[in-house]
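The next block holds one structure in the form of structure tokens; read it before the comments.
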Amino acid sequence: MSNESYGLIATFDTSPAIYKAAKKVNEAGYTKFDIYTPFPVHGIEYAMGEKRSFLGGFSLIGGISGFAIGMAIVAFMNFDYPLIIGGKPIFGPIFPFPIFYELTILCAAFGTFFGMFIMNNLPRHNHPVFEYKDFGKSSDDKFMIVIETSDPEFDEGKTKTFLEEIGGTEVTLIDAPEKD
Amino acid sequence: MAHQATSADIPAEAQALIEEAKPVSIPRRAMVENNRSYHWVSEKICGIVEQKTPMWWWLATGISGFVALYTLFGLVYLVSTGVGVWGLANPVNWGWAIVNFVFWIGIGHAGTLISAILCLLKQRWRTAVNRTAEAMTIFAVVCAGIFPLFHVGRVWFAWWLFPLPNANWIWPNFRSPLEWDVFAVSTYFTVSLLFWYMGMVPDLGLLRDRAKETWRKYFYGVLAMGWRNSVKHWKNYEMAYLVLAGLSTPLVLSVHTIVSFDFAASILPGWHTTIFPPYFVAGAIFSGFGMVLTLMIPLRSIFKLQDIITQYHIDCMCKITLATGSMVGYAYAMEFFIAWYGANSYEAFAFVNRAFGQYWWAYWIMIACNVISPQLFWFNGIRNNTTLVWVISLFVNVGMWFERFVITVTSLANDFLPSSWGYYSPTLVDIYTYIGTFGLFTFLFLLFLRFLPMIAIAEIKALSLPQADPHNEDHPQNANPQPAEDK
């Protein structure tokens, strides 16, 4: 095992092949591996043992805070400068409802949008997988598995054979980017 | 994977019976025609952005940019001279500006309907049109926003619409539908923009990976945010997409509802009706699909996208136009019925006046374009005739502009006091400002076509190509075509 390497990358040609390979890598006990596909392959995250995304939490937090901000704005402003119109109450939850409604959606959308980037650790423009010369094909029509060298099950020889056994081609060791 | 029992397990006579009674195998409708590979999709759509800039693009962008200047000069003239340069005069104080605002904002609704509601309903055909339709939404809202912004008169005080502290220490009136509109439209623009950009990130990653020139590497690299197609990314991305679709659904329904409140919450006969919210939303989607068809049909021929935007896609859009057009027709009829059944003489006058008063011509243009023309989509032959579909889509656009004109102007021009009645006509400034927004819209749209992927590449691969299905590889339709097999 070499410490300067990031991991082993294997390429697959079809969506069913990568789906089966994901299952096998997961069953073989690897934990630090990732799969790169040009589009979201249906159900593959569960095949590789990932849990359901927590992203909805960000949306919920955003939505609740949007609603609260909307209420706070309207309540504060109407008490600060009351507009007495038609003998209606200075503040009520009904008449400004569209304001809360829109702010709930706005903040929930912000939560979702930024949540997606936060959960994915993006933006991040440097990543060891980009060192692999054919990595660009993973956004076109190839499917790739990377098993990291830091995985406790990792053994350069065995992992390489394993990746070839499950149908991977062009199994290559990715060098870790040089550090200054 | 569940395999069917093989023929070896079945007795011979049973096998014969199965052969005899075998149902006809009906192939699934191909979303992308001619059995295309993943690589073909990437090449086709990225090719639009990566090719040498075509001559027509320079011409079209130049012309539309020039036309957009009409709006700029119209607005400069308006601000420097005063609102009198528009044709507004008592009692018609909402003229073309409000008509154009509702027109443009309505157009945007089809984009959000396609990206949000059709996503939740798992309509796979949406993947071919959603990116373009979302871009259309954003640019239409930009055009829409100009009108109310300048309609306030003193545009340099437009920020008073937002709850920001100002020197008078007065806050906005949150009871006013116009204030709700400020929140609805700005939320609509922001959420549409976030949804559009987020959906584009993986495709920007693809453009970055394919980029040869340095500027492209940086341009798409920065925009792609370092996206690397990891399943761990896709997992969160898909969830975010679903949540944003779920959030945009109530949003798109609320935006035109609130726009209709601008009218319905007043006490003017012809405006003060409860049918307005659903009627406006249906009309908005109707006009938006008209615009989607107007844009997609020429794009499909220019960029030779017939394999991706197939006849089936056009068929689906025609059917939605037909459905929403019929809803609009029903709403027109129901308004008249209630005007009679409600036994309110002012309401009854407003409607008779609409159809037979001084603006009768606008009303009947509206009926012809919105009620009669979409009914032609019942016929398969018409839906299959792309030129005819395009012409009808133009009628829909015209008709929906006239609908807003009829609603806004007829009710105002003949109000409660016959002594103040008048005939509203736009001035040249009104007309040029409006025409200029088409230039602005086209200009922005052409920039989008040139620099961004106009079709959601990853979504087409995942949802419209049968080989993307990871579970049924033994199905003959799911064979994985290789790039060499593409013609």
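A quick yes/no check of all residues on (1) surrounded by fewer than 18 Cβ atoms within 10 Å (Cβ to Cβ); (2) within 13 Å of another protein chain (Cβ to nearest Cβ):
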| site | (1), (2) |
| --- | --- |
| B:Phe101 | no, no |
| B:Val142 | yes, no |
| B:Val152 | yes, no |
| B:Trp180 | no, yes |
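If the requirement is being of a type outside the set (A, V, I, L, M) and within 14 Å of another protein chain (Cβ to nearest Cβ), which of these qualifies: B:Pro426, B:Pro418, B:Pro470? Spell out the reasoning first.
On the way: B:Pro426 fails: within 14 Å of another protein chain (Cβ to nearest Cβ); B:Pro418 fails: within 14 Å of another protein chain (Cβ to nearest Cβ).
After applying the criteria, what remains is B:Pro470.
State all residues of segment B:233-249 that are farther than 17 Å from A:Glu102 by Cβ and either surrounded by fewer than 21 Cβ atoms within 10 Å (Cβ to Cβ) or more than 7 Å from chain A (Cβ to nearest Cβ) (or both); if no residue qualifies, say none.
B:Glu238, B:Tyr241, B:Leu242, B:Ala245
Out of B:Ser411, B:Ser425, B:Ser419, I need the residue that is without any contact (Cβ under 8 Å) to a residue 40 or more places away in the chain and either assigned to a loop (DSSP other than H, G, I, E, B) or farther than 30 Å from A:Glu45 by Cβ (or both). Which one? Spell out the reasoning first.
Working: B:Ser411 fails: without any contact (Cβ under 8 Å) to a residue 40 or more places away in the chain; B:Ser425 fails: without any contact (Cβ under 8 Å) to a residue 40 or more places away in the chain.
Being without any contact (Cβ under 8 Å) to a residue 40 or more places away in the chain and either assigned to a loop (DSSP other than H, G, I, E, B) or farther than 30 Å from A:Glu45 by Cβ (or both) holds for just one of B:Ser411, B:Ser425, B:Ser419, which is B:Ser419.
Can you confirm whether A:Phe113 is surrounded by fewer than 17 Cβ atoms within 10 Å (Cβ to Cβ), at the interface with chain B (Cβ under 9 Å from one of its Cβ atoms) and part of a helix (DSSP H, G or I)?
Working: surrounded by fewer than 17 Cβ atoms within 10 Å (Cβ to Cβ): no; at the interface with chain B (Cβ under 9 Å from one of its Cβ atoms): yes; part of a helix (DSSP H, G or I): yes.
So A:Phe113 does not fit the description; no.
Pairs needed: first member in segment B:370-396, at negative phi and free of Cβ contacts under 8 Å to residues at least 40 places away in the same chain; second member anywhere, acidic (Asp, Glu) and part of a helix (DSSP H, G or I); C-beta distance under 9 Å; at least 6 residues apart or different chains.
These pairs meet every condition: B:Asn380/B:Asp315.
Somewhere in segment B:120-127, is a residue within 14 Å of chain A (Cβ to nearest Cβ) and buried (at least 22 other Cβ atoms within 10 Å of the Cβ)?
Of segment B:120-127, the ones within 14 Å of chain A (Cβ to nearest Cβ) are B:122, B:124, B:127.
Next, from what is left, pick out any that are buried (at least 22 other Cβ atoms within 10 Å of the Cβ): B:127.
Yes, there is a match, as at least one residue in segment B:120-127 is within 14 Å of chain A (Cβ to nearest Cβ) and buried (at least 22 other Cβ atoms within 10 Å of the Cβ).
Confirm whether A:Ser65 is facing chain B (nearest Cβ under 7 Å) and surrounded by 14 or more Cβ atoms within 10 Å (Cβ to Cβ).
Criteria not met by A:Ser65.
With (1) without any contact (Cβ under 8 Å) to a residue 60 or more places away in the chain; (2) of a type outside the set (A, V, I, L, M, F, W, C); (3) assigned to a helix (DSSP H, G or I) as the list, and B:Lys122 as the residue in question, which single condition is left unmet?
Result: B:Lys122 passes all but (3).
Taking the criterion of being over 18 Å from B:Ser230 (Cα atoms), in a loop (DSSP other than H, G, I, E, B), among the β-branched types (Val, Ile, Thr) and more than 14 Å from chain B (Cβ to nearest Cβ), would at least one residue in segment A:144-157 satisfy it?
The answer is no, given that none of the residues of segment A:144-157 is over 18 Å from B:Ser230 (Cα atoms), in a loop (DSSP other than H, G, I, E, B), among the β-branched types (Val, Ile, Thr) and more than 14 Å from chain B (Cβ to nearest Cβ).
Have a look at A:Ile35, A:Ile94 and point out the one that is of a type in the set (A, V, I, L, M), buried (at least 22 other Cβ atoms within 10 Å of the Cβ) and not in a helix (DSSP H, G or I).
From the options A:Ile35, A:Ile94, the qualifying one is A:Ile35.
Which one of A:Ile99, A:Ile118, A:Ile105, A:Ile64 is within 29 Å of B:Ala116 (Cα to Cα) and either in a loop (DSSP other than H, G, I, E, B) or touching a residue at least 60 places away in the same chain (Cβ under 8 Å) (or both)?
Just one listed residue meets the conditions, A:Ile118.
May I ask you to say which residue of B:Val49, B:Val83 is modelled with pLDDT under 85 and either within 29 Å of the chain's Cα centre (by Cα) or farther than 26 Å from B:Asn472 by Cα (or both)? Quick ask: steps written out before the conclusion?
Details: B:Val49 fails: modelled with pLDDT under 85.
The unique qualifying residue is B:Val83.
Just one of (1) out of contact with any strand residue (DSSP E or B) (no Cβ under 6 Å at 6 or more places or on another chain); (2) surrounded by fewer than 17 Cβ atoms within 10 Å (Cβ to Cβ) trips up A:Glu131, so point out which.
The single condition A:Glu131 does not satisfy is (1).
With the structure loaded, tell me whether B:Ala484 is small (Gly, Ala, Ser) and either surrounded by fewer than 22 Cβ atoms within 10 Å (Cβ to Cβ) or modelled with pLDDT of 90 or more (or both) or whether it fails that test.
So B:Ala484 passes the test.
Name the residues in segment B:308-362 that are crowded, with 18+ Cβ neighbours inside 10 Å and part of a loop (DSSP other than H, G, I, E, B), would you?
B:Ile308, B:Ile309, B:Thr310, B:Tyr359
Just give me the residues in segment A:85-109 being within 7 Å of chain B (Cβ to nearest Cβ) and under 20 Å from the mean Cα position of the chain (by Cα), in sequence order.
A:Ala108, A:Ala109
Please enumerate the residues belonging to segment A:16-32 that are away from chain B (no Cβ under 11 Å), surrounded by fewer than 22 Cβ atoms within 10 Å (Cβ to Cβ) and not in a loop (DSSP other than H, G, I, E, B).
A:Lys24, A:Asn26, A:Glu27
Kindly indicate the residue of segment A:42-61 that is in contact (Cβ under 8 Å) with a residue 24 or more places away in the chain and within 14 Å of the chain's Cα centre (by Cα) and also farthest from the other protein chains (Cβ to nearest Cβ) among those meeting that condition.
A:Gly57
The values are calculated or read from the model by the stated rules, or taken from the named source; none is laboratory data. Bear in mind that the values here come from a model prediction, so they are computed numbers and not experimental data. Cβ: placed from backbone, ideal geometry, glycine included. Neighbour counts: every protein chain shown.
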